[in-house]
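S.K.: My questions will all concern the structure given below.
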Amino acid sequence: MHTVQEILGKMSIEEKISLLVGAGFSKLVHGAAGETRPVARLGVPAVVLADGPAGVRVHPLRLGDAQRYYVTSFPNEIVLASTWNVELVERVGRAIGEEARALGVDVVLAPGLNIHRHPLCGRIFEYFSEDPLLSGVMGAAYVRGVQSAGVGATLKHFAGHEQETNRLLYNVAASERALREIYLRPFEIAVREAKPWAVMGAYNKLNGKYCVQNEWLLTRVLREEWGFEGLVMTDWGAGDNPVEMIKAGVDLIMPGSDQVVAELLKAYERGAIPGEVVDARARRVLELVAKSPRFRGQEGSGDLKLEEHAKVAYEAAVEGAVLLKNEGALPLPEKPRVALFGRGSYWTVKGGLGSGDSYPRYVVSIADGLRERGALVDEEIERVYRGMVHRFYEYGESLQLYRAYREGALAKSDSWLIEMLMTHFVDMMMEYTRVMHLQEDPFTDAFLEEAAQRNDAAVITVSRISTEGFDRFPVKGDYYLRDDELSLIERVSRVFHEHRKKVVVLLNVPGPVDVASWRDKVDAVLAIWLPGQEAGRAVADILLGRVSPSGKLPLTWPRDLYEIPAARTFPGTPPRDPEEVIYSEDIYVGYRYYDTFAVEPAYEFGYGLSYTAFDYRDLEVKLSGGEVVVRLKVRNSGRYPGKEVVQVYLRALESKFSRPFQELKGFRKTKLLAPGEEESVEVRVPLERLATFSGGKWVVEKGSYEVRVGASSRDIRLRAVLEIPAEACYDTSWRRVEC
Ligand code: BGC
């Protein structure tokens, strides 16, 4: 086998330039998002890139092939972050990497590391958290997992891609401090900790320049300051000038076309792209190819280990569910008779749509999960819902369209559009039309009365779907509940409470929805998010008390949409096709805002109830070898086995900067603790994590800090004061410098 240097030495300029431009949507693996161009005479294969983050996105059907290529649909990233379980997220990453590898996919286009700036971001489900540390640590774990299977991971969308409205064009205006402390930080953590094979430049502009044409972002920050050695690709169809992309630091333009190759070649010939730049970019592509399974002649084995991975998907769904409210309703009694309402109980939404979608063999609905675990699900209610759906979606429908296009029945001139539809949106629309518009409250009073008599409890699922390409809307039916949903909750609660029976609401949602207007009516609320294919099993085990919930919110759940920090500037100006999105809340994103400005959320960052209780004691905090070492003991003082997420926040008691009230600096999830069992927890916080970005450098201020340890950002159980004896400053590569 030749080395990258040898191969590069033998390449013509045409071959080198062809490497910098993708070959369009993948032909090797149907439904994969793209592939690179091969150079057959030198043994350089095409490598295949496919989406994540919730499972490998390939199409289950292939023309002329009877086999089905289903994958495991894992919980979406917002669920993974809600687990606060780093080791579990790494296992999810590994499973996705193994499936990619088995399918012949060389690079996974995940994880998404954008910040939950606004709960209506259409892809909020594809991102981890509003907090940069939690996002970065989870991102690094995911990358380590994927790459341990011998395929690459891709951090996306770099950077400032926090919304979908006008996503190809808007400009984000953000201060350097907000970028460094909040928006770039997750990428920086994942680059340093996990060495991803690739980073994907985002569609939007950042401070005036397209991210993919932004030399400051791609070359100065990513390569020079952070030392990133992998490949930089564009998002699919990002930017407006391929020559500028290559000059700014892009190695691979995706999905690519012959026209772009020709354009780059011309630019090279007239001297607009220097030969060394072409070489440097081609070398990065070759380095990625050289790491790929394809280059080593390892074709996909086809063995996806779906049984084994289903267990991982289940575990992540269980640990990612967040119990928001519980007034004596959960767990349900043994072998309960359950009145199960809401379309999402029968057609549970497994994940968000668009490129973050994936095609599993099955999705276990909440109804099926409950039944499988021994609950008696009311059949009359089920019959009413099932009777309302006349049309079932089949994967085959999008295949028919694809076949028509391949056979020339659809205009070839629209090929890019059709490929795009094929891989992203047809499936989405099918899903949408299926159940989202079902009337939720078709029941008469007499029907509900009888249902309350014959069942032990009511469970109502509220579902929402979300997708790439659109933000969610601040309207009834999206952020707010529809009138029929509210009336269902109101009527079911009234009738069941008359019979002294409890009412539980399950939120099967991509991100927060309004709860303030109805949560007082019900006894329990469990956010299950978009939990992947094992949805029903995970939910059933929590409802029936076989596991205690241990998820915690990775973002603040607002009380009112208009109280959130980005309310005035989302989705930008003008609101229809925004050109400018001004991050005017600056570093005050999520709890950094709510806590500093004393705004009451519905549920705070880090919040989540358990069936059991935990005592915290014996906090010790010391400075040792450049780290703040936090030690304490956590004991399960309740009646159920459970896991606790210990969160460590720091608050500067004096500061010359304007700083958030507190910031998350570390966390640890305990093992499963039996009642009475205790665990010694240690959290190590490198001193650098205390830094504020000011005057072009990182500053760790000297003085007193309060170390706040708790079960949520507002449930602080233990406190200690830490003295930092001297100021320390760092440059943007974290080298010590004069202050
Ligand atoms: C999305 C990316 C995705 C790519 C390839 C784009 O539209 O923004 O997240 O990886 O398509 O499917």
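S.K.: Explain nothing, just the number: dipole magnitude of region 429-585 about its Cα centre with +1 on each Lys and Arg Cβ and -1 on each Asp and Glu Cβ, in debye rounded to the nearest 20.
M.R.: With Lys and Arg at +1 and Asp and Glu at -1, about 540 debye.
S.K.: What distance in nm separates the simple spin-label points at K697 and D303, each placed 7 Å from Cα in the Cβ direction?
M.R.: 5.6 nm
S.K.: While we're looking at this one, here's another question. Note down the magnitude of the dipole of the chain about its Cα centre, charges +1 on Lys and Arg C-beta and -1 on Asp and Glu C-beta and zero elsewhere, to the nearest 20 debye.
M.R.: So the dipole magnitude of the chain works out to roughly 1060 debye.
S.K.: Could you list, bin by bin from short to long, the percent of Cα-Cα pairs of region 600-739 in 5 Å steps?
M.R.: Percent of Cα pairs in each bin: 2, 9, 19, 20, 17, 13, 9, 6, 3, 1, 0.
S.K.: Sorted from largest down, what three extents in whole angstroms do the Cα atoms of the chain have along their principal axes?
M.R.: That gives 81, 72, 49 Å along the principal axes, largest extent first.
S.K.: I've got another one for you. Taking only the Cα atoms of region 353-392, how large is their convex hull per residue, in Å³?
M.R.: Cα-based convex hull of region 353-392, divided per residue, equals 100 Å³.
S.K.: So what is the diffusion coefficient of region 141-229 in µm² per second by Stokes-Einstein at 4 °C and 1.567 mPa s, using a Kirkwood Rh over Cα pairs?
M.R.: 97 µm²/s
S.K.: Give me I182, I96, I465 ranked fewest to most by other Cβ atoms within 10 Å of their Cβ, as a rough exposure proxy.
M.R.: Details: I182 27, I96 33, I465 23.
In order of increasing Cβ crowding within 10 Å: I465, I182, I96.
S.K.: Could you work out the helix-only [θ] at 222 nm for the chain, with each DSSP H run of four or more residues adding -39,500 (n - 2.57) and the total divided by the number of residues, to the nearest 500 deg cm²/dmol?
M.R.: Only helices count here, giving -8000 deg cm²/dmol.
S.K.: Assuming R0 = 35 Å, what is the FRET efficiency of E229 and E269, from their Cβ-Cβ distance, to the nearest 0.05? Walk me through the numbers on the way to the answer.
M.R.: Details: r = 30 Å, r/R0 = 0.85.
Efficiency, from the Cβ-Cβ distance: 0.75.
S.K.: For region 584-673, run through the chymotrypsin sites (Phe, Trp or Tyr not before Pro) and keep only the ones in DSSP coil with at most 15 other Cβ atoms within 10 Å of their Cβ.
M.R.: Those that pass, being in a loop and sparsely packed, are F597, F657.
S.K.: In nm, what is the difference between 0.36 nm times the number of residues separating M388 and V599 and their Cα-Cα distance?
M.R.: 71.7 nm
S.K.: A further question on this structure: Just to confirm a number: summing +1 for Lys and Arg and -1 for Asp and Glu over residues other than K622 whose beta-carbon lies under 12 angstrom from that of K622, what do you get?
M.R.: My count for the surroundings of K622 gives -2.
S.K.: While we're on this one: I'd like the distance separating the alpha-carbon centroids of region 30-64 and region 542-612, in whole Å.
M.R.: 37 Å
S.K.: How many percent of all Cα-Cα pairs in region 323-369 sit more than 16 Å apart? Please report the intermediate quantities before stating the final value.
M.R.: Numbers: 642 of 1081 pairs.
Value for region 323-369 (Cα pairs over 16 Å): 59 percent.
S.K.: Considering the options A66, P571, V599, tell which one lies farthest towards the positive end of the dipole of the chain, charges being +1 on Lys and Arg and -1 on Asp and Glu at the Cβ, about the Cα centre.
M.R.: Result: A66.
S.K.: Would you please give the residues with an amide H less than 5 Å from that of E627, counting only those at least 5 places away or on a separate chain, with H modeled from the backbone geometry?
M.R.: Hits under the 5 Å cutoff: L687.
S.K.: Please name which of G477, P554, I460 has its Cα lying farthest along the dipole of region 452-578 towards the positive end, using unit charges on Cβ (Lys, Arg +1; Asp, Glu -1) and the Cα centre as origin.
M.R.: I460
S.K.: Cut-off under 16 Å on the C-alpha distance; same-chain residues fewer than 8 positions from K622 excluded. Which lysines are left, in chain and number order?
M.R.: Partners found: K633, K665, K702.
S.K.: Suppose the chain between A726 and E682 were pulled fully straight at 0.36 nm per residue; how much longer would it get relative to their current alpha carbon spacing?
M.R.: That pair, A726 and E682, stretches by 13.4 nm at full extension.
S.K.: In region 693-739, which chymotrypsin sites (Phe, Trp or Tyr not before Pro) fall in coil by DSSP and have 11 or fewer other Cβ atoms within 10 Å?
M.R.: none
S.K.: Roughly how many nanometres apart are two label points built 7 Å out from the Cα toward the Cβ at Q259 and R220?
M.R.: Distance between label points: 3.3 nm.
S.K.: Here's a follow-up. I need T612, T3 ordered by Cβ neighbour count within 10 Å, fewest first.
M.R.: Fewest-to-most Cβ neighbours within 10 Å comes out as T3, T612.
S.K.: Continuing with the same structure: My understanding is that a pair violates if its Cα-Cα distance is over 23 Å; which of K335/K521; K552/K656; K311/K350; K305/K350; K305/K643; K195/K291 do that in this structure?
M.R.: Going by Cα-Cα distance, K335/K521; K552/K656; K305/K643 fall outside the 23 Å limit.
S.K.: Taking θ as phi - 60°, what are the ³J(HN,Hα) couplings along region 199-207 by the Karplus curve (6.51, -1.76, 1.60), each to the nearest whole Hz, with x for Gly and Pro?
M.R.: With the stated coefficients, region 199-207 comes to 10, 9, x, 7, 5, 6, 8, 10, 6 Hz.
S.K.: Between E327 and F447, what is the FRET efficiency for a Förster distance of 35 Å, r being their Cβ-Cβ separation, to the nearest 0.05?
M.R.: With a Förster radius of 35 Å, E is 0.85.
S.K.: For region 561-656, with only Lys/Arg (+1) and Asp/Glu (-1) charged at the beta-carbon, what is the dipole magnitude about the Cα centre, in debye rounded to 20?
M.R.: About 620 debye.
S.K.: What is region 182-257 by shape, rounded, prolate or oblate, if you read a ≥ b ≥ c off the alpha carbon gyration tensor as root eigenvalues and call it rounded for a/c under 1.5, prolate for a/b larger than b/c, and oblate otherwise?
M.R.: Prolate, because a/c is 1.5 or more and a/b exceeds b/c.
S.K.: Would you kindly state how much longer the chain becomes between Y480 and K335 on full extension, computed as 0.36 nm times their sequence separation minus their alpha carbon distance, in nm to one decimal?
M.R.: Gain on stretching Y480 to K335: 48.9 nm.
S.K.: If you don't mind, another one. Can you give me the distance in nm between label points at K622 and K521, each placed 7 Å from the Cα along the Cα-to-Cβ direction?
M.R.: Between K622 and K521, the label points sit 5.6 nm apart.
S.K.: Return the FRET efficiency for the residue pair S584, A290: r is the Cβ-Cβ distance, R0 is 41 Å, and the value is rounded to the nearest 0.05.
M.R.: In this case the efficiency is close to 0.35.
S.K.: With only alpha-carbon atoms counted, please give the Rg and Dmax of region 683-735, in Å.
M.R.: 13.1, 36
Coordinate-derived values only; no laboratory data. Since the structure is predicted, the reported quantities are computational estimates derived from the model, not experimental observations. A quick note on method: Cβ atoms are made from the backbone with ideal geometry, for glycine too, and the neighbour counts reach across all protein chains shown.
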